[in-house]
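**Q** This is the structure I want to talk about, given as structure tokens.
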Amino acid sequence: MRIRLALSLGLAFAHTLPAADTQPARTQPLAESRRAEDERALRELKEVLWPKAYFEQDTALLDRILAEEFQRVDGDGNWSSKADELAWVANHRPAYDSLTFEIRRLEIFENGTAIVAGRGVVRGRDERGPYVAEYQSTNVLIRRDGVWRAIASHVSGYKRL
């Protein structure tokens, strides 16, 4: 009787356990689609729109890219806010020939944050004549209401080539 009861309880308990999944885990199509959409949006923002805002001195575009709490640290350790960046763009008229950015790291996290890092190249003219310069940049972005905005940027290694 005890053996029968133990077997019955064991079998009953075994039926409450989830079956072992021998198939590999599958990514949900919606999740894949969302991730691809986010990656495209972040590439567009960092490789196209952000350089365009500085190249064209477009404060309205830069205002849409930067979150209100945005902070930037430059290679000399100087901090600037969103308001500082907008004022600089509005009042500084460099003669750029081109601004490009090449993403070397793009990570999107499930909590709606992303890291975008890479190398920027600036071609232009100043009082010393034509120049080419490069810099490294790491940016933290958050997705709010479906829109990616930059909250932090660290720029370093700026050098004329």
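**Q** Could you grab me the full set of residues in segment 42-61 that are within 16 Å of V116 (Cβ to Cβ) and either within 16 Å of the chain's Cα centre (by Cα) or surrounded by fewer than 13 Cβ atoms within 10 Å (Cβ to Cβ) (or both)?
**A** L42, R43, E44, L45, K46, E47, V48, L49, W50, P51
**Q** Would you be able to tell me the number of residues in segment 95-128 that are exposed (fewer than 14 other Cβ atoms within 10 Å of the Cβ) and touching an Asp or Glu at 6+ places or on another chain (Cβ under 8 Å)?
**A** 3
**Q** Sort out which residues of segment 64-73 are surrounded by fewer than 16 Cβ atoms within 10 Å (Cβ to Cβ) and either touching a strand residue (DSSP E or B) at 6+ places or on another chain (Cβ under 7 Å) or over 18 Å from G146 (Cβ atoms) (or both), and write them in order of number.
**A** E69, V73
**Q** Counting only residues that are in contact with a strand residue (DSSP E or B) (Cβ under 6 Å, 6 or more places away or on another chain) and of a type in the set (D, E, K, R), which one in segment 74-94 is surrounded by the most Cβ atoms within 10 Å (Cβ to Cβ)?
**A** Per the criteria, the residue is K82.
**Q** Take the conditions touching a residue at least 12 places away in the same chain (Cβ under 8 Å), within 18 Å of P51 (Cβ to Cβ) and out of contact with any Phe, Trp or Tyr (no Cβ under 6 Å at 6 or more places or on another chain) and apply them to Y158. Does it pass?
**A** Here the answer is no, as Y158 does not meet what is asked.
**Q** Out of all the residues in segment 104-161, which are of a type in the set (S, T, N, Q) and modelled with pLDDT under 95? Spell out the reasoning first.
**A** We begin by selecting, within segment 104-161, every residue of a type in the set (S, T, N, Q); these are 111, 113, 136-139, 153, 156.
If the condition is that a residue be of a type in the set (S, T, N, Q) and modelled with pLDDT under 95, then N111 is the only one that fits.
**Q** Residue by residue through segment 124-161, note down the ones that are farther than 21 Å from E107 by Cβ and not in a strand (DSSP E or B).
**A** Result: E127, R128, D145, L161.
**Q** For segment 129-147, which positions are among the acidic types (D, E) and either surrounded by 15 or more Cβ atoms within 10 Å (Cβ to Cβ) or touching a helix residue (DSSP H, G or I) at 6+ places or on another chain (Cβ under 6 Å) (or both)? Don't jump to the end; show me each part of the working.
**A** Here is the first cut: in segment 129-147, the residues among the acidic types (D, E) are 134, 145.
The one that is among the acidic types (D, E) and either surrounded by 15 or more Cβ atoms within 10 Å (Cβ to Cβ) or touching a helix residue (DSSP H, G or I) at 6+ places or on another chain (Cβ under 6 Å) (or both): E134.
The values are calculated or read from the model by the stated rules, or taken from the named source; none is laboratory data. Since this is a predicted model, take the numbers as computed values, not measurements. Here Cβ is always computed from backbone atoms with ideal geometry, including for glycine, and neighbour counts include all displayed protein chains.
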